[in-house]
Amino acid sequence: MSPGHYLVLSALLFTIGAVGVLVRRNAIVVFMCVELMLNAANLAFVSFARMHGNLDGQIIAFFVMVVAAAEVVVGLAIIMTIFRTRRSSSVDDVNLLKY
Amino acid sequence: MIDTQTSVLAQTSGQAGEPVVFWLLAVVSVAAALGMIFLRKAVHSALMLAVVMLSLAVLYAVQDAPFLAFVQVIVYTGAVLMLFLFVLMLVGVSSTDSLVETIRGQRLWAAIAGIGFAALLVAGLGNAALSESMGLAAANGEGGNVIGLARLLFTKYVFAFEVTSALLITAALGAMVLAHRERHAPRPTQKELSKRRFRPGGHPSPLPGPGTYARHNAVDMPALLPDGSVSELSVNPIIARRSGTARLHADLHGQTEEQAVEHDVAAVKAATEAAHDADAEVRETKAGTSAAGGPASEGEAGK
């Protein structure tokens with residue numbers, strides 16, 4: 001199979017994630033959409049690694065996974081803190097710095 | 001051993017079944033990703049995300065990346081999604097997105113932007129000169145994918161690997177700092193709690209238990225008070241928020257909610273009247289048998 005197929009799939013998943021970030025209001029779901037975008041990028045890295053016949057792409061995908069895990073931990077802790085003070089996990093309710 | 005592994009890798013790089021796996025998982029993952037956007041409940045979105053991640057893991061395995069496939073399953077599906085589900089349960093499962101658009105036309109423009117972006121990416125990929133994939137049999141070398149990755153990770157990328165450890169420690173510390181809650185007031189003692197219960201607005205007696213007589217006894221079933229109103233206090237607030245209250249009294253026999261509630265009210269009234277009558281009968285018989293002692297003792301009780 002040509003790597004083009006995988007890259008198109010990765011582009012579609014990335015776009016779906018981006019639209020989800022734009023559309024959804026729940027902070028946790030927005031976060032999940034960010035994770036989907038990271039995963040789509042990983043798929044592109046893996047298929048590029050296979051296309052070029054070296055393992056650097058897989059290494060980068062591995063680092064992306066590590067960074068994503070760290071990001072999820074801190075992000076969910078922030079969401080929990082906001083929920084504790086404002087009793088809401090909607091991104092619309094966090095608007096103290098708006099005006 | 002090494003020979004068999006390299007031959008397996010050579011086979012996997014040119015698998016015959018790869019198009020089947022790819023098209024199946026591509027459809028499944030795109031459908032699940034769309035479901036993640038469109039499902040209103042956050043838990044359903046999380047499950048859809050799990051489907052996407054698992055199918056991506058299989059796609060990694062198909063693309064000669066068995067190590068990343070396992071890491072994907074363990075780290076993403078195992079750790080990250082469980083973390084998401086934990087936080088969802090803490091925040092409240094019932095938190096569904098409101099369908100009200102706070103910015104007018106936001107969804108429409110987001111959809112247009114998304115379609116445009118996807119078209120741009122796909123067109124760019126279509127124009128790119130993508131060579132046929134070379135396969136990783138040569139790059140994996142002797143020992144297979146894991147040893148090949150380890151060789152790179154501990155030579156060329158060793159500095160990035162070390163920096164990663166600093167990142168992970170920082171993230172762990174940050175999560176601890178953010179999740180820690182200072183207790184500003186001292187913990188209330190049992191005495192203070194009991195005083196608070198007897199103040200106006202408190203509830204000195206135990207709360208009424210859930211369940212309505214013989215018909216339902218589930219924890220999400222609010223108790224009916226003698227006047228037929230539903231006692232909100234009898235159900236855990238989180239459960240009550242999830243499952244409505246009066247709706248649960250709709251009966252199995254195709255009654256409407258109101259009819260069911262009226263039925264319950266009538267049953268309660270009949271039961272209380274019957275109890276009252278029985279009580280009166282018992283008193284009459286008591287009064288009849290001990291006619292001499294009864295009034296005197298009642299009078300004493302009155303005083």
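Could you list all residues from segment B:137-148 that are exposed (fewer than 15 other Cβ atoms within 10 Å of the Cβ) and of a type outside the set (A, V, I, L, M, F, W, C)?
B:142, B:143
Looking at B:187, B:107, B:151 in this structure, which one is among the basic types (Lys, Arg), over 24 Å from residue A:51 (Cα atoms) and surrounded by 13 or more Cβ atoms within 10 Å (Cβ to Cβ)?
Only one candidate passes the filter, namely B:107.
From the list A:34, A:64, A:29, A:46, pick out the single residue that is under 11 Å from the mean Cα position of the chain (by Cα) and buried (at least 22 other Cβ atoms within 10 Å of the Cβ).
A:29
In segment A:71-93, how many residues are on the phi < 0 side of the Ramachandran plot and part of a loop (DSSP other than H, G, I, E, B)?
Here the count works out to 5.
Residue under question is residue B:117, and the condition is that it be in contact with a Phe, Trp or Tyr (Cβ under 8 Å, 6 or more places away or on another chain) and free of Cβ contacts under 8 Å to residues at least 60 places away in the same chain; does it hold?
So residue B:117 fails the test.
Could you list, in sequence order, the residues of segment B:105-118 that are facing chain A (nearest Cβ under 9 Å) and not polar (S, T, N, Q)?
Answer for segment B:105-118, where residues must be facing chain A (nearest Cβ under 9 Å) and not polar (S, T, N, Q): B:107, B:109, B:110, B:111, B:113, B:114, B:115, B:117, B:118.
Restricting segment A:49-61 to residues that are part of a helix (DSSP H, G or I) and not small (Gly, Ala, Ser), which is surrounded by the most Cβ atoms within 10 Å (Cβ to Cβ)?
Applying the filter and picking the extreme gives A:58.
Tell me whether segment B:119-136 contains one or more residues that are within 7 Å of chain A (Cβ to nearest Cβ), surrounded by 14 or more Cβ atoms within 10 Å (Cβ to Cβ), at pLDDT 85 or above and more than 30 Å from residue A:3 (Cβ to Cβ).
No, there is no match, as no residue in segment B:119-136 is within 7 Å of chain A (Cβ to nearest Cβ), surrounded by 14 or more Cβ atoms within 10 Å (Cβ to Cβ), at pLDDT 85 or above and more than 30 Å from residue A:3 (Cβ to Cβ).
Take the residues in segment B:51-84 that are of a type in the set (A, V, I, L, M), under 13 Å from the mean Cα position of the chain (by Cα) and facing another protein chain (nearest Cβ under 10 Å); name whichever of them is surrounded by the fewest Cβ atoms within 10 Å (Cβ to Cβ).
The selected residue is B:83.
Select from segment A:8-25 the residues that are aliphatic (A, V, I, L, M) and under 23 Å from residue B:127 (Cβ atoms) and list them in ascending order.
A:8, A:9, A:11, A:12, A:13, A:16, A:18
So that you can scan it fast, the table gives a plain yes or no per residue for (1) part of a helix (DSSP H, G or I); (2) within 11 Å of chain A (Cβ to nearest Cβ); (3) at pLDDT 90 or above:
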| residue | (1), (2), (3) |
| --- | --- |
| B:3 | yes, no, no |
| B:9 | yes, no, no |
| B:12 | yes, yes, no |
| B:22 | yes, yes, yes |
| B:26 | yes, yes, yes |
| B:30 | yes, yes, yes |
| B:35 | yes, yes, yes |
| B:44 | yes, yes, yes |
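Just need a number here: residues in segment A:17-43 that are in a helix (DSSP H, G or I), at the interface with chain B (Cβ under 7 Å from one of its Cβ atoms) and in contact (Cβ under 8 Å) with a residue 24 or more places away in the chain.
4
Go through segment B:141-168 residue by residue and tally those that are assigned to a helix (DSSP H, G or I) and at the interface with chain A (Cβ under 7 Å from one of its Cβ atoms).
Of the residues in segment B:141-168, 8 are assigned to a helix (DSSP H, G or I) and at the interface with chain A (Cβ under 7 Å from one of its Cβ atoms).
Given the criteria closer than 19 Å to residue B:65 by Cα, in contact with an Asp or Glu (Cβ under 6 Å, 6 or more places away or on another chain) and either touching a residue at least 12 places away in the same chain (Cβ under 8 Å) or at the interface with chain B (Cβ under 7 Å from one of its Cβ atoms) (or both), does residue A:1 qualify?
Yes, satisfied.
The values are calculated or read from the model by the stated rules, or taken from the named source; none is laboratory data. Predicted model, so just to flag it, every value in this text is computed and none were measured. Neighbour counts run over all protein chains shown; Cβ positions are idealised from the backbone, glycine included.
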